[in-house]
Amino acid sequence: MYYFRSRIYGPNLIDVPVKPYMQLLFEEVLNPFYVFQVFSIILWSIDDYYVYAICIFILSIISISISLYETRKVSLCVILHNMARLVTNLCVFSVEECVNSLELVPGDCLIIPQEGLLLPCDAALLAGECLVNESMLTGESLPVLKTPLLAGERKFSSESERRHTLFCGTQLIQAKGGGLRGDCAIAVVTSTGFFTAKGNLVSSILYPQPINFRFYRDAAIFLIILAGAAVIGTIYSIVVLFRAKVTVAQLVIRSLDIVTIVVPPALPAALTAGTIYAQNRLKRHGVFCISPPRINVFGKVSLCCFDKTGTLTEEGLDVWGVMEGGPTGFSELVPEPRLLLPGPMLSGLACCHTVTLLRGQTLGEPLELKMVESTGWSISEAVAIVQRFPFSSALQRMSVVTVACEGRSAFAFIKGSPEMVVSLCRAETVPEHFSSKLHSFSSEGLRVLALGYKPLDSSTDFRTIKREEVEKDMQFLGLLMMKNLVKPESANVINTLRLAHLRSVMATGESCLSFVYTITKLHSAVTLTSVIKLQALTCLCLILSSIPGRISLNDGFDYHLAIEGKSFASLCEHFPEYLPKVLMRATVFARMLPDQKTQLVKEFQKLNYRVSMCGDGANDCGALQAADVGVSLSEAEASVASTFTSKTENISCVPLLIREGRCSLVTSFSVFRYMALYSLIQFCSVLILYTMHTTLGDWQFLFFDLPLVTLLVFVMGKGGPSNELHPCRPPASLLSLPVLASIFLHTCMIFLGQLGALLITTSQDWSATHLHLMDFNNNIKLHPLYYFRYIPLNSTVFGKENLPNMENFSVFGLSGFQYIIIAVVVTKGYPHKKPLYYNGKLAKMSRIII
């Protein structure tokens, strides 16, 4: 049986192959850019352009070497190979001996030792408890407690059973409660290799969502247009060369040379100039990017989606107060739970949690640590917890079964969202004014939890008791209120985005009213009365019927929609035709599950929004990957699934990224237009000189392509982003009428300018001029200066044989100024880049060349 399973699943290994240098070299040389370079070098060598060909060859070798070194040095495959490869020995229950992790297959039972281990597979916990550090997957630095999988006939799913699933690559810190002596845990392997959660993460990084960006599509189309111009130029050059009666070999070489002029081979490298400068500036601000082309995408973002806890608000929570409740109503607010009289409420706060003790230190979620600390109890003083049913986002609750030290009494405690806990409590135990109290606390931005309990028969076998049996017919105990403060930077950032006409939405797993309160703190113009909470589906449909068919962000409405996860799911399933209307107006998405956040991002993208998602890494990985650009505020390994990672743990990086994205996109536009016009300038020069039976010299080509144009391109991108976000976004289409018309008009002016310079030169009737010079005896002599005399070309020869000549010099001199002038003209500044005079290097470069 094991043999067949091993043949089906293969070795348990996430193996990311690292390409050797020779393979990288082969692939780099086969890059279309270098293939075109090789073609050009061969052509120039045949045409005796040895100096130019040798220079380009040397530069290509240097470029390939640097590219290979940098590719291997910062290769994502190398990083992932070191991160993903994990081989260790584990003890398998069936053979009770250590086996290599490569041999594990689904169905194997593992014995997890008390001291824990680094898990090489996904496994479902069958017996015992495990304290696990899942920061590699979720970004959460705090350990979580995993409990055994409950018995049942349902189909196992690692997503719905996360509290019972041990994931590959996570560090198991401690195991207990399983085995014969209770000093280990038992788990069954469910997935291996790339089918594990870590394998899926690695796959998503290796094969990310493709960049569907119009700028890159239009750039490819524009190159085809330039190729068409090259064909026209080639046909014209063939006609001219044929009339000049050149040899067939010269005709072919000269015609192909036109192609190397019109289609700039350095265009792909030049387009990266803006993103390279932007990436370096972002690094200085503590923002790191794993996909530089996405920087340009950030320049077109129109909607920013934010998580709440840890992103907009502080990570931790502080206990604000507790209020006991019963059939007679609520008691007075007690600011500190430790002031409560001994009873079920105090016991529930001290026991209903997953906090554990490891080497004398309490570990657990921040909320639960604060809750236990506020009771004044210590973990060692608590009653024995014999069964835990951990918190689930889908169930919105957790529960525990406790037994007193002497075993005489047993109680079940439940803690969770107030609405869920009340639904599981007997109606007569719930205070009459429960809803109004909950609304009041939530409206103040407090995180509200409800607690309940019930006594149990101490003779019950609690190891096999079902969750449904424990969590029914509970008695309501009261409410626990916790305060989550908004980060000081959040309000300013949201206001900056609003002034820039960028829409902001928030998605969280917390209650709607609590999140709405946060919105009022972030949006000074929003009040609680201007927010409509969509919960009931019937209420939802009534409101939808009153919303116009088309809604814009500036439609003048004086309300905002707040939607809870269940309503969002119902809307997607039953009323998809109304979904665009709601999404165009909704600001708050509360009680959202991780999958719903991902779906929300995709639905916004269907409405032609460019979506950025900002989260702290925990439960946001799916949405971060689905968004056009994702920003993680966590430095854990899970952040590699996000395009951008910020060391600053607040959202101040979002406006910075948008400004840098817009600056980079504008720079890419400028560089593309310049490279196109640079090719067209040289194209016009060569065609005009071909007509005059001459051409540009080897050193002239070299001067234009290397010292002049290359340096100009790279200093063009030095201008930094504007200090403010402007309401308008930069264009993303290269094929728009303004861009094409601009290039066409510039080309016409370039051609007419060069043609005018040539005609002025040839129309001069220059005779020999004389220069008055003094000899050593101070006698004046007349010296003829024939360099300023126009000498017509020899029409019987063609090309370089006619060099030097005045036609060549006139076109060469004017075109040199055209390169510099065009660089200044297309380098656009305001409103997304700093003005041109801030780019000192471009101004200095232009002065030196002139």
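The values are calculated or read from the model by the stated rules, or taken from the named source; none is laboratory data. Since this is a predicted model, take the numbers as computed values, not measurements. Heads up, the Cβs are rebuilt from the backbone with ideal geometry, glycines too, and the neighbour counts pull from every protein chain shown. Quick note on the areas: whole protein, heavy atoms, side chains included, nothing else; ligands and nucleic acids left out. Shrake-Rupley method; radii C 1.70, N 1.55, O 1.52, S 1.80 Å.
So here's what we get for this one:
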{"quantity": "Subset of the range 660-674 [over 25 Å from the mean Cα position of the chain (by Cα) and open to solvent by 10 Å² or more (accessible area, probe 1.4 Å)]", "calculated": "Arg673"}
{"quantity": "Odd one out for Lys647 among (1) open to solvent by 30 Å² or more (accessible area, probe 1.4 Å); (2) out of contact with any Gly (no Cβ under 6 Å at 6 or more places or on another chain)", "calculated": "(2)"}
{"quantity": "Pairs where the first residue, in the range 231-249, is under 23 Å from Ile42 (Cβ atoms) and the second is open to solvent by 60 Å² or more (accessible area, probe 1.4 Å) and not polar (S, T, N, Q), C-beta under 8 Å, 6+ apart", "calculated": "Thr234/Leu256"}
{"quantity": "Flag if Leu513 is among the hydrophobic types (A, V, I, L, M, F, W, C), assigned by the TED database to the domain that holds Val334 and either at pLDDT 65 or above or crowded, with 16+ Cβ neighbours inside 10 Å (or both)", "calculated": "no"}
{"quantity": "The range 330-371, residues that are touching a residue at least 12 places away in the same chain (Cβ under 8 Å) and basic (Lys, Arg)", "calculated": "Arg338, Lys370"}
{"quantity": "Residue, farthest from Leu282 (Cα to Cα), within the range 715-741, restricted to residues that are aliphatic (A, V, I, L, M) and assigned to a loop (DSSP other than H, G, I, E, B)", "calculated": "Leu735"}
{"quantity": "The lone exception for Ser302 - which of (1) open to solvent by less than 30 Å² (accessible area, probe 1.4 Å); (2) over 31 Å from the mean Cα position of the chain (by Cα); (3) among the polar types (S, T, N, Q) it fails", "calculated": "(2)"}
{"quantity": "Conditions (1) surrounded by fewer than 21 Cβ atoms within 10 Å (Cβ to Cβ); (2) in contact with a helix residue (DSSP H, G or I) (Cβ under 7 Å, 6 or more places away or on another chain): number failed by Ser442", "calculated": "(1)"}
{"quantity": "Number of the exception - Gln700 against (1) in a helix (DSSP H, G or I); (2) buried (at least 24 other Cβ atoms within 10 Å of the Cβ)", "calculated": "(2)"}
{"quantity": "Filter result (crowded, with 16+ Cβ neighbours inside 10 Å and out of contact with any helix residue (DSSP H, G or I) (no Cβ under 6 Å at 6 or more places or on another chain)) within the range 315-325", "calculated": "Glu315, Trp320, Gly321, Met323, Gly325"}
{"quantity": "Residue in the range 241-265 that is modelled with the lowest pLDDT, counting only those that are aliphatic (A, V, I, L, M) and buried (at least 20 other Cβ atoms within 10 Å of the Cβ)", "calculated": "Leu241"}
{"quantity": "Condition broken by Val493, with the remaining ones in (1) out of contact with any helix residue (DSSP H, G or I) (no Cβ under 9 Å at 6 or more places or on another chain); (2) crowded, with 19+ Cβ neighbours inside 10 Å satisfied", "calculated": "(1)"}
{"quantity": "Verdict on Val386 being at pLDDT 90 or above and aliphatic (A, V, I, L, M)", "calculated": "no"}
{"quantity": "Residues of the range 670-692 satisfying the condition of being more than 20 Å from Ser742 (Cβ to Cβ) and either in contact with a Leu (Cβ under 9 Å, 6 or more places away or on another chain) or polar (S, T, N, Q) (or both)", "calculated": "Ser685, Val686, Ile688, Leu689, Tyr690, Thr691, Met692"}
{"quantity": "Neighbours by Cβ (under 9 Å, 6+ apart or cross-chain): first from the range 736-754, outside the structural domain of Gly813 (by the TED database); second assigned to a helix (DSSP H, G or I)", "calculated": "none"}
{"quantity": "Selection within the range 580-617 - out of contact with any strand residue (DSSP E or B) (no Cβ under 7 Å at 6 or more places or on another chain) and open to solvent by less than 10 Å² (accessible area, probe 1.4 Å)", "calculated": "Leu583"}
{"quantity": "Residue in the range 12-54 that is modelled with the lowest pLDDT, counting only those that are in a loop (DSSP other than H, G, I, E, B) and either open to solvent by 90 Å² or more (accessible area, probe 1.4 Å) or more than 30 Å from Ala84 (Cα to Cα) (or both)", "calculated": "Leu30"}
{"quantity": "Residue match in the range 755-766 (condition: in contact (Cβ under 8 Å) with a residue 24 or more places away in the chain and within 46 Å of the chain's Cα centre (by Cα))", "calculated": "no"}
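So that you can scan it fast, the table gives a plain yes or no per residue for (1) at pLDDT 85 or above; (2) not in a helix (DSSP H, G or I):
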| site | (1), (2) |
| --- | --- |
| Lys454 | yes, yes |
| Thr460 | no, yes |
| Gln475 | yes, yes |
| Asn492 | yes, no |
| Lys521 | no, no |
